[in-house]
Amino acid sequence: MRCFLGFILTGLTFFSNAQNNLNVLNYRFRITVNDYNDSIQGQATIRFSVKEKTSFIIFDLTNLQKNGKGMIATNLKFNNPRLLQPAFIQQKEKLIIKGNIFEKDDTATIIIYYKGIPADGLIISNNKYGHRTFFADNWPNNGHNWLPCHDDPADKASVDFIVIAPDHYQVVGNGILIEEKPLHNGNKQTHWKEEVPISVKVMTIGVAEFVVNLTSFVNNSIPVSSWVFPEDKSNGFYDYAIAKDILPFYIQNIGAYGFKKLANVQSTTRFGGMENANTIFYTENSITGERQNEELFAHEIAHQWFGNMATEKSFAHLWLSEGFATYFAILYFENKYGKAAAMNMMKEDRSKVIALSKTLHTSIIDLAGNEYMKLMNANNYQKGSWVLHMLRSELGDSVFWAVIQKYYARYAGGIAGTDELRNVFETVSGKDLKQFFIQWLYKPGQPVLKINWKYNSKEKVIDIRITQKQKNVFSFPLTIEIILSSGERVLKKLAINKINSFFTFPVKEKPGELVADPDTNLLFEYTLERIK
């Protein structure tokens with residue numbers, strides 16, 4: 001063991017590569033919680049394969065910390081008698097296992113027994129009514145604070161949660177309910193099973209005193225349910241029932257729903273909403289009785305397609321999850337409330353992107369970043385949404401929706417990066433979009449324009465000068481609306497691709513006003529001045 005430990009302490013790069021060699025196929029977590037303290041007992045049965053020959057298997061698992069929180073692995077064993085009893089050690093956030101040689105594509109199952117107080121991930125607290133609750137909040141990579149796992153969005157696996165809890169609680173989790181049975185000691189065992197491979201970040205359980213309402217069956221096959229605290233029963237069932245109206249829009253426009261249920265759960269999540277696969281958690285204050293959080297519901301439900309089924313290959317490509325969910329919530333609002341409502345949302349989001357760019361000078365794709373919580377900003381949400389909106393504006397609705405459906409059909413159940421999305425856009429549209437993707441996704445900021453215009457009454461023309469003030473020169477179309485004195489409106493689409501661009505247009509009468517981007521199609525900021 002001494003030699004094993006010494007090698008571990010000096011081989012961090014090796015072990016990082018070793019973990020990337022892991023492909024988890026199924027997790028089976030057996031979790032016991034209680035009403036007396038925050039300790040949990042856990043048994044993780046993990047079926048996995050290896051991509052290359054290795055003598056080490058590494059899972060993420062937070063070790064015992066100075067504050068007394070963390071997980072202690074007490075015993076490990078393989079369920080195949082031909083495999084040796086593994087030697088293992090916990091080092092910070094890693095559970096490192098040695099003792100067997102695995103050849104490429106070998107498959108094995110290991111059982112890990114552990115216990116402790118979750119350092120994070122499983123939030124054990126009282127809700128606003130003073131009742132004890134247990135809610136998993138694994139995003140972005142907090143799952144390993146209470147579960148032995150490969151805590152990487154790119155490694156997707158099916159999962160079973162078997163939860164043993166006092167029998168006054170109801171338990172909700174990913175997938176479908178397999179079993180709920182009383183135990184002899186005042187506890188109850190509940191088994192939820194998710195057969196679709198999902199990332200650890202969206203694996204979840206919720207344990208609380210719930211009242212449950214089956215809202216409806218969407219398409220006569222998908223049960224949509226509401227899980228709320230008893231004190232919020234009436235308002236909660238009304239508010240959460242909005243989900244049944246949102247789900248069909250995405251099914252019709254994106255593709256089939258990938259899961260067997262949709263549960264909407266009032267919780268003590270740290271987020272406004274958390275898109276756990278088919279078991280969405282909403283903040284406990286999301287219930288108002290007036291359906292004030294329809295946009296939040298539309299956002300989290302959109303994640304079931306983008307983020308949960310078609311998953312970003314790393315957090316550097318988080319916009320493929322958050323930008324998509326942000327924009328598809330707006331598309332849902334456009335369908336339900338009209339284009340003006342959607343454009344107002346886009347304008348508000350544009351202001352958020354511009355405000356962030358004043359203090360954060362990074363691109364959407366941030367390959368160097370590993371502080372994942374800091375990625376929850378207007379770059380990945382609102383700017384990512386704007387990227388999709390500009391693609392739709394440039395390519396047209398029919399091409400845009402064809403791309404979305406093709407992209408989802410290709411990557412549902414798998415992982416994708418930004419280049420994979422670009423490939424689909426280029427294939428369907430027949431256009432080279434490399435420059436578009438580079439400037440909007442791999443470079444920071446957005447166009448900052450100074451627009452000057454002048455009317456030449458003698459020549460009856462308008463002269464327009466557009467100057468890009470930002471550091472990186474962008475290439476983009478800009479629509480200018482010329483409002484003539486008579487009220488007639490003339491649209492001109494300008495190709496901007498250099499620092500200074502000059503345009504001259506004949507007009508039949510004196511213009512009264514110029515409007516930049518009248519249809520809200522461009523992410524930019526500008527000043528507009530008439531030169532006399």
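The values are calculated or read from the model by the stated rules, or taken from the named source; none is laboratory data. The model shown is predicted, which means the values in this text are computed figures rather than measured ones. Cβ placement follows ideal geometry from the backbone for every residue including glycine, while neighbour counts extend to all protein chains displayed. Just so you know, the surface numbers come from the protein's heavy atoms only, side chains and all, with ligands and any DNA or RNA stripped out. Shrake-Rupley method; radii C 1.70, N 1.55, O 1.52, S 1.80 Å.
Summary table
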| read-out | value |
| --- | --- |
| Structure-based [θ]222 nm, the chain - -39500 (n - 2.57) summed over DSSP H runs of at least 4, per residue, nearest 500 | -7500 deg cm²/dmol |
| Cβ-Cβ FRET estimate between residue 105 and residue 195, R0 fixed at 25 Å, reported to 0.05 | 0.65 |
| Whole-Hz couplings from phi, Karplus 6.51/-1.76/1.60, listed for the range 239-250; x for Gly and Pro | 4, 6, 5, 4, 4, 5, 8, 7, 4, x, 4, 6 |
| Where labels lie 7 Å past Cα in the beta-carbon direction, separation of residue 515 and residue 502 in nm | 2.9 |
| Computed lengthening from residue 25 to residue 463, 0.36 nm per intervening residue step minus Cα-Cα distance | 151.3 nm |
| Percent of beta bridges antiparallel (DSSP, the chain, rounded to nearest 5) | 80 |
| Heavy-atom SASA rank of 215, 107, 279, 359 (probe 1.4 Å, accessible area, largest first) | 359, 107, 215, 279 |
| Projected label distance in nm at residue 409 and residue 72, using a 7 Å step from Cα toward the beta-carbon | 5.5 |
| 3J(HN,Hα) from dihedral phi, the range 256-262, Karplus parametrisation 6.51/-1.76/1.60, rounded to Hz, x for glycine, proline | 4, 5, x, 10, 9, 7, 9 |
| Prolate/oblate/rounded label for the range 156-226 (Cα gyration tensor, a/c 1.5) | oblate |
| Protein-only accessible surface order, largest first, of 53, 156 at 1.4 Å | 53, 156 |
| Spin-label pair residue 129/residue 179, simplified geometry with 7 Å Cα→Cβ offset, distance in nm | 3.0 |
| Cα gyration tensor category, rounded, prolate or oblate, for the range 299-350 with a/c compared to 1.5 | oblate |
| Segment residue 486-residue 347, extension gain: residue separation times 0.36 nm, minus the distance between their alpha carbons | 47.2 nm |
| Karplus-derived 3J(HN,Hα), 6.51/-1.76/1.60, for each residue of the range 224-233, Hz, glycine and proline x | 10, 10, 10, 10, 10, 5, x, 5, 10, 3 |
| Accessible surface, per residue, of the chain when the full set of protein chains is kept, probe 1.4 Å, Å² | 42 |
| The chain - percent of accessible surface contributed by carbon and sulfur, probe 1.4 Å | 49 |
| Long-range HN-HN contacts of residue 25 with modeled amide H, under 5 Å | 47, 48, 49 |
| Acute angle (nearest 10 degrees) that the helix 339-357 long axis makes with the longest principal axis of the chain, alpha-carbon atoms | 80 |
| Contour minus Cα-Cα distance for residue 371 and residue 532 (0.36 nm per residue) | 52.8 nm |
| Accessible surface ranking that places the most exposed of 94, 508, 460 first, with a 1.4 angstrom probe | 508, 460, 94 |
| The chain, relative contact order [Cα under 8 Å, separation at least 6], % | 9 |
